[in-house]
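Supplied in structure tokens, the structure appears directly below.
The values are calculated or read from the model by the stated rules, or taken from the named source; none is laboratory data. Here the structure is a predicted model, which is why all the values come from computation and not from measurement. All Cβ positions, even for glycine, are placed from backbone atoms using ideal geometry, and neighbour counts span all protein chains on display. Heavy atoms of the whole protein, side chains included, go into the accessibility calculation; ligands, DNA and RNA do not. Shrake-Rupley method; radii C 1.70, N 1.55, O 1.52, S 1.80 Å.
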Amino acid sequence: MGSVSSYLILSALLFTIGALGVVIRRNAIVVFMCIELMLNAVNLTFVTLSKHQGNLDGEIAVFFVMVVAAAEAAVGLAIIIAVFRSIQSLDTPGASSMSR
Amino acid sequence: MALSFTILALLAVLGGIGVVAFRNPIHCALSMIVNMVALAGFYALLEAHFLATVQIIVYAGAIIVLVVFVIMLLNVKEESSQGRGMLLTTSASIFGIVFLVFLGRLINESFGGIPLPTNLVEGSVENIGKILYTKYVFTFEVAGALLLTAIVGATMLAKRERLVKKGVA
């Protein structure tokens, strides 16, 4: 069935990939997807440790993370559309010009 | 079991790398789906059947469809410049590798060699429902309120122009 540490290391790898994507990429939608990637990596940790502990509390936490991710997707994409309407671009550095 | 773990791990990591590496946002979204489905497979391996189903429905079925819809709506082309420049990319990668080595050592010290327990509790719909509607019922209601707030907020942001014209906001 595989060991606990193999799942956790895979999860750490996915989290690192997501974090690198947030730093490296400029497109706001791709940055958004990288944040979802990090959330998913943490979800895998929750499920693995829930199995390890032998109770369902971790899986409930994953359920609520999914709820928050869905809400975040709705509001985040609406914000991305609003920003695109005002500056005609999706680059994250360009959005800082809105503060002026 | 070991073979399915290897295949799923390969799919998940390749999907994750694809999200970061592809230039076209549509390709990023498609590799995100590969990653999500692989993670659903992991949940099934860990006997969290309810979460495996919800992962497919909510992530691959709703969130990614929303993302693809926005990409199509805004007609996003490939990125104009090559990311953020060499210096930042290199230093971020080095930092990522150091972070990963640190985490790996930490995990090995805490959980090294511990096998996953078998035939313990199963994350079936029945078991999840029981605990969700007893121990976590307040959190469940708060989650409903959060979703309602998100719907209202998203509608406000999307309809802003018309409201500005009317002088409401």
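Tell me, yes or no, whether the range A:76-83 has at least one residue that is of a type in the set (A, V, I, L, M) and more than 7 Å from every other protein chain (Cβ to nearest Cβ).
First pass over the range A:76-83, keeping only residues of a type in the set (A, V, I, L, M): A:77-83.
Add one more test, that the residue is more than 7 Å from every other protein chain (Cβ to nearest Cβ), and what stays is A:83.
Yes, the range A:76-83 contains a residue that is of a type in the set (A, V, I, L, M) and more than 7 Å from every other protein chain (Cβ to nearest Cβ).
May I ask you to list pairs of residues, at least six apart or on different chains, whose Cβ atoms are under 6 Å apart, with the first in the range A:60-71 being under 10 Å from B:THR139 (Cβ atoms) and the second being open to solvent by 10 Å² or more (accessible area, probe 1.4 Å) and not aliphatic (A, V, I, L, M)?
A:ILE60/B:TYR136; A:ALA61/A:PHE46
Another question, if that's okay. Exactly one of (1) modelled with pLDDT of 90 or more; (2) outside any helix (DSSP H, G or I); (3) polar (S, T, N, Q) is unmet by A:ASN43. Its number?
Only one criterion in (1) modelled with pLDDT of 90 or more; (2) outside any helix (DSSP H, G or I); (3) polar (S, T, N, Q) is unmet by A:ASN43, namely (2).
For every residue, the table says whether it meets (1) in a helix (DSSP H, G or I); (2) within 20 Å of A:HIS52 (Cα to Cα); (3) modelled with pLDDT under 90; (4) under 25 Å from the mean Cα position of the chain (by Cα).
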{"site": "B:ILE94", "(1), (2), (3), (4)": "yes, no, no, yes"}
{"site": "B:GLY104", "(1), (2), (3), (4)": "yes, yes, no, yes"}
{"site": "B:GLY113", "(1), (2), (3), (4)": "no, yes, yes, no"}
{"site": "B:THR118", "(1), (2), (3), (4)": "no, yes, yes, no"}
{"site": "B:ASN127", "(1), (2), (3), (4)": "yes, yes, yes, yes"}
{"site": "B:VAL142", "(1), (2), (3), (4)": "yes, no, no, yes"}
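Pairs under 7 Å by beta carbon, first residue under 13 Å from A:ASP57 (Cβ atoms) and facing chain A (nearest Cβ under 9 Å) in the range B:130-145, partner of a type outside the set (Ser, Thr, Tyr) and not in a helix (DSSP H, G or I), six or more apart or different chains?
Matching pairs, first to second residue: B:ILE131/A:LEU56.
Please enumerate the residues belonging to the range B:12-34 that are more than 7 Å from every other protein chain (Cβ to nearest Cβ), crowded, with 18+ Cβ neighbours inside 10 Å and closer than 30 Å to B:THR118 by Cβ.
B:GLY15
Another question about this same structure. All but one of (1) more than 7 Å from every other protein chain (Cβ to nearest Cβ); (2) modelled with pLDDT under 85 hold for A:ARG26, so report the exception by its number.
All conditions are met except number (1).
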